Amino acid sequence: MDQGIGSWVSVHARRNPGHIALIDVSAGGAGLTYGELERRTNALADALRARGARKGDRVAIMAFNSPQFLEVAIAAAKLGAILVPINFRLAAPEVRYILDDAAPCALFVSPQTAATAREAAAGGYVREIVEIPSAQQRAAAEPSLYEDWIAGGSPERVEIDVGHDEVATLMYTSGTTGFPKGTMLTHGNHFWNAITNMCMSEGLTAKDISLAAAPLFHIGAFGIFTLPLMYLGGTSAVLESFAPTTWIDAVETHRPTLAFCVPAMWGAIHAAGLEGRDLGSLRYGVSGGSPCPVVLIEALRRQGLVFTEGFGLTETAPIASVLDAADVIDHAGSVGKPIAHVQYRIADDDGRDVPTGETGELLIRGPNVFIGYWQKPEATREALQGGWFRTGDLARVDEDGYYYIVDRKKDMVISGGENVYPAEVEQTLHRHPAIADVAVIGTPDERWGEAVTAVVVRRADAKLAEAELIAWTRERLAHFKCPRVVSFVDELPRTATGKVLKRELRQRWGGDGSAVRR
């Protein structure tokens, strides 16, 4: 019996074949029904099988967003193969690391990513590289190898038994603290993530339409709304890539009811100007991937957007807790409460629960939690202990049961024997009117051990000096938390999903503690 995510499309193709599953926003807005999606993914699965792909084999994709991205995901699932989404912003050596680790038999690419992908795959395990047409090529219905594969495959369902406990995807972690690890998420993990999405206070229905604009190689875009709506039989409108004005235009044209974005995307949407624009179709938006500045949440709410925050990790497929729309302001800074079927604990280094209000490591248990890291048993044993996933996040819970992520355990700064949590300092600094972006790190200091260092991007034409910002912060935070060093930069290094690469900042400022101040 097929219990995999590929069976979800088959169910809706039987029940409601004419319902729109996917909208190709960037290629003119054509819709793909569940009946058509079933036939196309059956044919693609058959084409993969004819070229040697079998259950358990890996199928990689390094491509821009498109309905075809999701066709590859479903076709692989129907074979019992394992999808390996790859960040298309990585350099060839970084891609090669993932390809060598996962050893996929086939690699799907976009025209924009093809050169890097081919360089990375040269001489490796990949037997087939297939180019997915760009949005312009799809709009013009240009011939392609991808469409030839589908035309040559059988539209009949590939019958493979796939269980909930079998691996569906290898989602590679962003590598902000080291080499990426392949997170093994099962079909059951994705199933329970769909259930937890449905259980959110705002909920999901088959009538919902999601605007998928964040990159689908990331678990946020893949697992928040996109896959759950496929489980429900809903619709996803897919943008090839994100641009704030294009995103706003897509909302007005396709009338989505849901949208997931990372904070950097929400910030760009707000900066693009929402006056006179119609976002009224959105029931709510979700921010995730990294903490969203409270000032941005407040600004979006003033624009009439119902706004919620989600927290999760690649390892939790991803939703683990949600801050409901009604609580976003009163409990600003919280990640809310655990979602249905998920349990939290906050523990010390010895695994003992800490008292309410005290900080410890967040541990998570639930059916959405991954089963381990691909070919890394030691890392798996370190992360999964006694049935709990050790997240590496420092957190606390208040008396009302609201959880707060204080910071990453590895990001905590110890200055003069005091623990300083950069996320708290960053939230304060974001409120300064001259600051466009900021990251706080610890840098070596002979006297204090580590110095709290703020790396700041000023707003255009804003004037802000180091001493001025330090003095301003000392009016709002305990002095030991305030930056001792401020460095100004043009931009912060970020991952494709908007997370600041603090490892790069520490490498730049962590040697002799010096940096050029502008």
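The values are calculated or read from the model by the stated rules, or taken from the named source; none is laboratory data. It should be emphasised that the depicted structure is a prediction, and the values quoted were computed from it without experimental measurement. No Cβ is skipped: glycine too gets one built from the backbone with ideal geometry, and neighbour counts run over all protein chains shown. All accessible areas refer to the heavy atoms of the entire protein, side chains included, with ligands and DNA or RNA removed. Shrake-Rupley method; radii C 1.70, N 1.55, O 1.52, S 1.80 Å.
Are any of the residues in the range 276-287 in contact with a His (Cβ under 6 Å, 6 or more places away or on another chain) and farther than 23 Å from GLY29 by Cα?
No, the conditions are met nowhere in the range 276-287.
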Among the residues that make up the range 337-358, is at least one of them aliphatic (A, V, I, L, M) and open to solvent by 50 Å² or more (accessible area, probe 1.4 Å)?
no
As an exercise: evaluate ILE269 against (1) part of a helix (DSSP H, G or I); (2) under 30 Å from LYS55 (Cβ atoms) and give the number of the one condition it does not meet.
(2)
Restricting to the range 458-494, and then to whatever is open to solvent by less than 20 Å² (accessible area, probe 1.4 Å) and not in a helix (DSSP H, G or I), can you tell me which residue is nearest to ALA271 (Cα to Cα)?
LEU492
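Out of THR443, THR428, report the one residue that is open to solvent by less than 50 Å² (accessible area, probe 1.4 Å) and in a helix (DSSP H, G or I).
THR428
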Restrict the check to the range 225-236 and report whether at least one residue is part of a loop (DSSP other than H, G, I, E, B) and either surrounded by fewer than 24 Cβ atoms within 10 Å (Cβ to Cβ) or touching a helix residue (DSSP H, G or I) at 6+ places or on another chain (Cβ under 8 Å) (or both).
yes
Among the residues of the range 280-324, the number that are more than 28 Å from ARG390 (Cα to Cα) and not in a strand (DSSP E or B) is 16
Any residue at all in the range 95-117 that's touching a Phe, Trp or Tyr at 6+ places or on another chain (Cβ under 9 Å), in a loop (DSSP other than H, G, I, E, B), at pLDDT below 95 and among the hydroxyl-bearing types (Ser, Thr, Tyr)?
no
Would you check if there is a residue in the range 106-122 being open to solvent by less than 30 Å² (accessible area, probe 1.4 Å) and farther than 14 Å from PHE88 by Cα?
yes
If I filter the range 13-25 down to residues being surrounded by fewer than 23 Cβ atoms within 10 Å (Cβ to Cβ) and touching a strand residue (DSSP E or B) at 6+ places or on another chain (Cβ under 8 Å), which single residue comes out as farthest from PRO155 (Cα to Cα)?
ASP24
Could you please find all residues in the range 132-189 being assigned to a helix (DSSP H, G or I), under 23 Å from ARG58 (Cβ atoms) and open to solvent by less than 40 Å² (accessible area, probe 1.4 Å)?
TYR146, TRP149, ILE150, HIS187, GLY188, ASN189
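Can you tell which of ARG390, ARG381 is in contact with a helix residue (DSSP H, G or I) (Cβ under 6 Å, 6 or more places away or on another chain) and without any contact (Cβ under 8 Å) to a residue 60 or more places away in the chain?
Working: ARG381 fails: in contact with a helix residue (DSSP H, G or I) (Cβ under 6 Å, 6 or more places away or on another chain).
When all the criteria are applied, what remains is ARG390.
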Among THR308, THR257, which is out of contact with any helix residue (DSSP H, G or I) (no Cβ under 9 Å at 6 or more places or on another chain) and not acidic (Asp, Glu)?
THR257
